[in-house]
Each structure stands twice: as structure tokens, then as C-alpha cells.
């Protein structure tokens, strides 16, 4: 059975914010490279959807959320049968409590 990976609107918004930040503060090349690395990291979930540890800050939510790390970013996702939903991309340099207050 093939796994489908879907990016939520919020996760797409986070990627755009990351891209815009690096374009403005560093360079277009670094912005593209940073976002590409985040997107490429998700590919590991095709073969092993439970590879990321459970996100303890979101344990009280209805769904079980897991995460992968790429550079300074946590890629928050959930696994439901054949679908993996990328819920958010969280910058780990922020206060972790901010993640637990996120609408995902």
C-alpha cells in the first residue's frame, strides 16, 4: 500500500515564511536550499511513516503527532492509515510552548 504525503495549508504557509525570511535576510539560493532540504527530509516517511518520535508537546491532541528534524526545524506530522499529513514546520529556536498553542 502506497503512502500519500499531504502538506496542510498551515505547513505550506510555514514553508513560505521560511523561504521569504531567507530570501530577505540571506539569499535566494539559501532560501531555496533550506526549503528543499525540509521537503526532501519528509521523503523518509514514504517507507517508514512512524520513523519520527512522538511530539510530547502535542500529546494532549486528538491525533498522535510525530516529528522529523531538519536543521533548525521540526516537521510535525500525523499518520492516518495511508496518509501522512504534514501539519506544521516549527522553528526550534522559538519557545517550545508556542508549538503547543498552535492550531494543528
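By other beta-carbon atoms within 10 Å, ranking 4, 85 with the fewest at the front produces 4, 85. Compared with the dominant Cα axis of the chain, that is its longest principal axis, helix 9-25 is turned about 20°.
Which ordering of 90, 19 is given by a fewest-first count of other beta-carbon atoms within 10 Å? Kindly include the intermediate steps, with their values, before the conclusion.
On the way: 90 22, 19 18.
Starting with the residue having the fewest Cβ neighbours, the order is 19, 90.
With a 10 Å cut-off between alpha carbons and a GNM built on the chain, which of 59, 84, 76 moves the most? Maximum among the listed residues: 59.
Axis of helix 28-42 versus longest Cα principal axis of the chain: the two differ by about 10°, to the nearest ten degrees.
For the range 45-95, what class follows from the C-alpha gyration tensor (a ≥ b ≥ c being the square roots of its eigenvalues): rounded when a/c is under 1.5, otherwise prolate if a/b is larger than b/c, else oblate? Write out the running numbers ahead of the final one.
Details: a/c = 2.15, a/b = 1.34, b/c = 1.61.
Oblate shape, in that a/c is at least 1.5 and b/c is the bigger or equal ratio.
Taking a ≥ b ≥ c as the square roots of the eigenvalues of the alpha carbon gyration tensor, the range 1-49 is oblate, as a/c is not under 1.5 and a/b does not beat b/c.
Only DSSP H runs of four or more residues enter the estimate; each adds -39500 (n - 2.57), and after division by the residues of the chain the mean residue ellipticity at 222 nm equals -10500 deg cm²/dmol.
For the residues 23, 92, what sequence is obtained by ranking on other C-beta atoms within 10 Å, fewest first?
Details: 23 15, 92 12.
Final ranking by Cβ density, sparse to dense: 92, 23.
The length gained by stretching the chain between residue 62 and residue 40 to full extension, at 0.36 nm per residue less their Cα-Cα distance, is 5.2 nm.
GNM remark for the chain: springs join alpha carbons under 10 Å apart, and the peak mean-square fluctuation among 56, 12, 70 falls on 56.
Of 89, 35, 26, the residue with the greatest mean-square motion in the GNM of the chain, using alpha carbon springs below 10 Å, is 26.
Please label the shape of the chain as rounded, prolate or oblate, based on the square roots a ≥ b ≥ c of the eigenvalues of the alpha-carbon gyration tensor (a/c under 1.5 means rounded; beyond that, a/b larger than b/c means prolate, else oblate). The partial results should precede the final answer.
On the way: a/c = 2.08, a/b = 1.34, b/c = 1.56.
Oblate, since a/c reaches 1.5 and b/c is not below a/b.
No value in this document is a laboratory result; all are computed from the given coordinates. Computed from a predicted structure; not experimentally measured. In this analysis, Cβ positions are derived from the backbone assuming ideal geometry, glycine residues included, and neighbour counts consider all displayed protein chains.
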